Amino acid sequence: MRLVIYSMLLLLIAIQYPLWLGKGGWLKVYEMEKQLELQQAKNSLLSLRNAKLTGDVKDLKEGTRAIEERARVEHGMIKEGEFFVQILPIEKSASNTADAEKPVITKR
């Protein structure tokens with residue numbers, strides 16, 4: 001009788017091993033679900049970036065406002081007849097407080 005009980009117990013363990021620890025077991029499924037969640041989060045961030053880049057490309061192809069904005073911001077370009085005014089931050093020094101209160105304005 002003991003032999004039958006031990007053999008049944010051994011068969012039960014042998015059947016349960018692939019279910020829990022095998023190639024398609026519950027632990028592997030759990031790990032794969034975690035990896036899937038991480039990949040979906042990465043994909044959503046990348047899709048937002050792609051949507052922004054698609055909008056930029058559309059603006060650059062269709063209109064001149066985006067081109068002008070990039071020229072102004074990235075290259076410091078201005079149109080003919082426009083004035084560029086840059087206000088620099090005030091640097092306070094102990095020796096010259098009267099001049100430090102006036103902002104410095106430059107024109108190009």
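The values are calculated or read from the model by the stated rules, or taken from the named source; none is laboratory data. Every value quoted in this text rests on a predicted model; they were computed, and no experiment measured them. Glycine also receives a Cβ, built like all others from the backbone with ideal geometry; neighbour counts cover every protein chain displayed. The protein model used for the area step is the full one, side chains on, heavy atoms only, and it has no ligands, DNA or RNA in it. Shrake-Rupley method; radii C 1.70, N 1.55, O 1.52, S 1.80 Å.
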Open item on the list: Nearest 500 deg cm²/dmol is fine: what mean residue ellipticity at 222 nm does the chain get from its DSSP H runs of n ≥ 4 alone, each adding -39,500 (n - 2.57), divided by its residue count?
Closed with: -22500 deg cm²/dmol
- [ ] Only one of the values (i) 15.5; (ii) 22.0; (iii) 14.3 was calculated from this structure for Kirkwood radius over Cα pairs in Å; name its label.
- [x] (ii)
Task: Local net charge near Lys79, Cβ-Cβ under 11 Å (Lys/Arg +1, Asp/Glu -1) - done: -2
TODO: Give the calculated FRET efficiency between Gln39 and Glu74 to the nearest 0.05, with a Förster radius of 41 Å applied to their Cβ-Cβ distance.
DONE: 0.75
TODO: Might you tell me the accessible area per residue for the chain, computed with a 1.4 Å probe and given in Å²?
DONE: 97 Å²
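When only Cα pairs under 8 Å and 6 or more residues apart are kept, what is the percent relative contact order across the chain?
On the way: 48 pairs, mean separation 13.0, N = 108.
Here the relative contact order equals 12 percent.
Can you pull the percent of the chain's accessible area that's carbon plus sulfur, 1.4 Å probe, other chains left in place? Don't jump to the answer; show the numbers that get you there.
On the way: 6640 of 10490 Å².
That fraction is 63 percent.
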Task: Degrees between helix 2-21 axis and first principal axis of the chain (Cα, 0 to 90, nearest 10) - done: 20 degrees
